[in-house]
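The values are calculated or read from the model by the stated rules, or taken from the named source; none is laboratory data. Since the structure is predicted, the reported quantities are computational estimates derived from the model, not experimental observations. FYI the Cβ positions are ideal-geometry reconstructions off the backbone, even for glycines, and counts take in every protein chain you see.
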Amino acid sequence: MANAVLTISSKNYSSWSLRGWLLCKMAGLKFEEKSLSIDDPSARAELLLLSSSFRTPALDHEGLHVWDTLAIAEYLHELFPKAGILPAERAARSHNRSVSGEMHSGFTNLRSALPMNIKAIFPNFRVWTGAKPDIERISAIWRECLSQYGGPFLFGSKPTLADAMFAPVASRFATYNVGIDAQCSGFRDHILGWAPMIEWTEAAIAEVDEMEELDVEF
């Protein structure tokens with residue numbers, strides 16, 4: 001029986017829940033999922049970007065309650081250092097933390113313009129002008145990491161915190177048919193074909209609950 005519980009919200013809409021879930025999978029932690037309804041006020045505030053503080057995902061493990069994706073990542077790295085959530089080499093580890101932190105705290109225009117919606121496909125979506133610098137910066141991060149560490153993940157042959165942080169962006173780029181270069185497209189497709197991502201996507205497609213605010217091509 002799992003001695004950990006990960007509280008998440010919608011698999012279709014919640015980018016933060018996806019990140020926390022991927023980190024637990026990467027760590028090899030045995031955990032049970034507790035899902036909040038999209039009608040839960042805190043979950044709804046997160047999904048609609050009405051809250052500045054995200055309390056999901058949250059990990060309960062051995063009497064400890066850990067929330068915020070980066071805090072969960074650091075906690076799991078302490079418990080399972082051999083899982084490779086952060087690179088072993090100091091320079092790569094600091095680089096990984098930097099790009100993950102940038103994703104954690106930035107790109108607000110991208111979040112607003114391209115909310116995560118795994119079920120949806122908007123092939124002719126017009127990306128708002130305000131989101132384009134975010135897309136360009138993310139693409140630059142991906143190119144830099146892939147070139148420096150050799151791919152197919154951002155920091156080499158195995159997934160790390162950075163891949164978990166940018167996985168929802170790969171999903172967004174697919175949903176809204178965002179035009180990116182061949183190197184970035186290859187990374188996007190690799191993430192979407194990653195076994196844990198496929199597992200999450202299949203569960204997201206099976207979800208019944210829908211949010212009208214996030215299902216309109218606005």
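Each row is one residue, and each column tells you yes or no for (1) of a type outside the set (Ser, Thr, Tyr); (2) at pLDDT below 95; (3) under 23 Å from Ala195 (Cβ atoms).
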position	(1), (2), (3)
Pro115	yes, yes, no
Pro123	yes, yes, no
Glu136	yes, no, no
Gly156	yes, no, yes
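Contact map, region 145-170: residues that are free of Cβ contacts under 8 Å to residues at least 40 places away in the same chain paired with residues that are hydrophobic (A, V, I, L, M, F, W, C), Cβ distance under 6 Å, separation 6+ or inter-chain. Pairs shown: Ala170/Ile191; Ala170/Leu192.
Among residues of region 30-49 being buried (at least 19 other Cβ atoms within 10 Å of the Cβ) and closer than 22 Å to Leu161 by Cα, the one that is modelled with the lowest pLDDT is Leu47.
With respect to Ala167, is the statement that it is in contact with a Lys or Arg (Cβ under 8 Å, 6 or more places away or on another chain), over 26 Å from Arg97 (Cα atoms) and either modelled with pLDDT under 95 or not charged (D, E, K, R) (or both) true? So Ala167 fails the test.
Restricting attention to region 50-104, the residues being buried (at least 17 other Cβ atoms within 10 Å of the Cβ), on the phi > 0 side of the Ramachandran plot and in contact (Cβ under 8 Å) with a residue 40 or more places away in the chain number 1. Within region 135-147, none of the residues are surrounded by fewer than 21 Cβ atoms within 10 Å (Cβ to Cβ), within 23 Å of Lys11 (Cβ to Cβ) and either under 16 Å from the mean Cα position of the chain (by Cα) or of a type outside the set (A, V, I, L, M, F, W, C) (or both).
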